[in-house]
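Throughout, read-outs are computed from the coordinates displayed, never taken from laboratory work. Owing to the predicted nature of the structure, the values given are computational and were not obtained by experimental measurement. Here Cβ is always computed from backbone atoms with ideal geometry, including for glycine, and neighbour counts include all displayed protein chains.
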């Protein structure tokens with residue numbers, strides 16, 4: 001930031017530099033509906049910090065995660081991780097109902113039995129793995145610079161995001177905040193950015209507004225199951 005602005009350390013402290021880059025009140029580009037960050041000389045300073053996460057998501061949530069091309073990951077060759085044992089993610093909504101969860105677990109067990117049955121009858125693993133459900137667990141390592149992580153979290157911390165990727169993004173934001181509070185405080189949903197910039201309407205989703213005043217909550221107070 002000091003290089004971009006031609007300022008000495010005595011003229012621009014670290015805390016002030018972070019605010020200039022990450023506070024929507026100081027940098028209104030952060031509150032735009034479109035992602036304009038790469039067009040700003042100030043915001044391009046955010047490409048230097050980087051973060052790496054070990055993640056475990058369902059195939060469904062991983063497909064959502066891959067849409068963020070600028071937060072790339074080293075994903076597994078799935079067939080090389082197959083053990084024959086059921087390995088899947090259970091959605092929070094299903095976890096909240098014991099009867100539904102029991103039926104879900106039984107269906108997952110039958111799915112893996114079917115895969116093993118095909119393999120046992122000589123089917124190629126390549127084809128048998130097509131029976132894996134969207135809930136199958138995918139484990140991988142993902143890295144991102146702050147510029148693109150910030151944008152991803154602005155999209156996925158919205159309460160309208162798919163539940164599992166929302167929760168993964170929430171956990172990432174909490175981890176960054178624990179290590180670097182000044183930077184982590186900027187990883188927020190779009191309504192929070194717009195509220196800090198005094199933009200109206202605060203929620204950019206129009207009729208899809210979730211009905212929760214999320215911008216008034218601390219990150220640790222976020223609660224949702226859909």
**Prompt:** Contour minus end-to-end for residue 90 and residue 67, with contour as 0.36 nm per residue of separation and end-to-end as the Cα-Cα distance?
**Reply:** 6.1 nm
**Asked** With each pseudo-label sitting 7 Å past Cα toward Cβ, what's the residue 121-residue 205 distance in nm, one decimal?
**Response** 4.5 nm
**Prompt:** Which FRET efficiency value, to the nearest 0.05, is calculated for residue 101 and residue 171 with the Förster distance at 25 angstrom and r the Cβ-Cβ distance?
**Reply:** 0.70
**Message:** As an exercise, use a Förster radius of 45 Å and the Cβ-Cβ distance of residue 78 and residue 198 to find the FRET efficiency, rounded to the nearest 0.05.
**Reply:** 0.45
**Fill in**
With the 8 Å Cα cutoff and a minimum separation of six or more residues, the chain has a relative contact order in percent of 27 percent
**Centre separation in Å (Cα based) which lies between the range 98-130 and the range 150-179** = 31 Å
**Asked** Using bins 5 angstrom wide from zero, how does P(r) for the chain break down, in % of all Cα pairs?
**Response** 1, 6, 12, 15, 15, 14, 11, 8, 6, 5, 3, 2, 1, 0, 0
**Prompt:** Angle between the Cα long axis of helix 146-156 and the longest principal axis of the chain, 0 to 90 degrees, nearest 10?
**Reply:** 60 degrees
**Message:** Just to be sure I understand the model, the point goes 7 Å from the Cα along the line to the Cβ. What's the resulting residue 25 to residue 48 distance in nm?
**Reply:** 2.5 nm
**Prompt:** Can you give the angle from 0 to 90° between the axis of helix 163-179 and the longest principal axis of the chain, with both taken from C-alpha atoms, to the nearest 10?
**Reply:** 50 degrees
**Complete:** The relative contact order of the range 94-226, taking Cα pairs under 8 Å that sit 6 or more residues apart, comes to a percentage of 17 percent
**Prompt:** If you count, for each residue, the other Cβ atoms within 10 Å and average over each peptide, how do 132-141, 189-198 line up from highest to lowest?
**Reply:** 189-198, 132-141
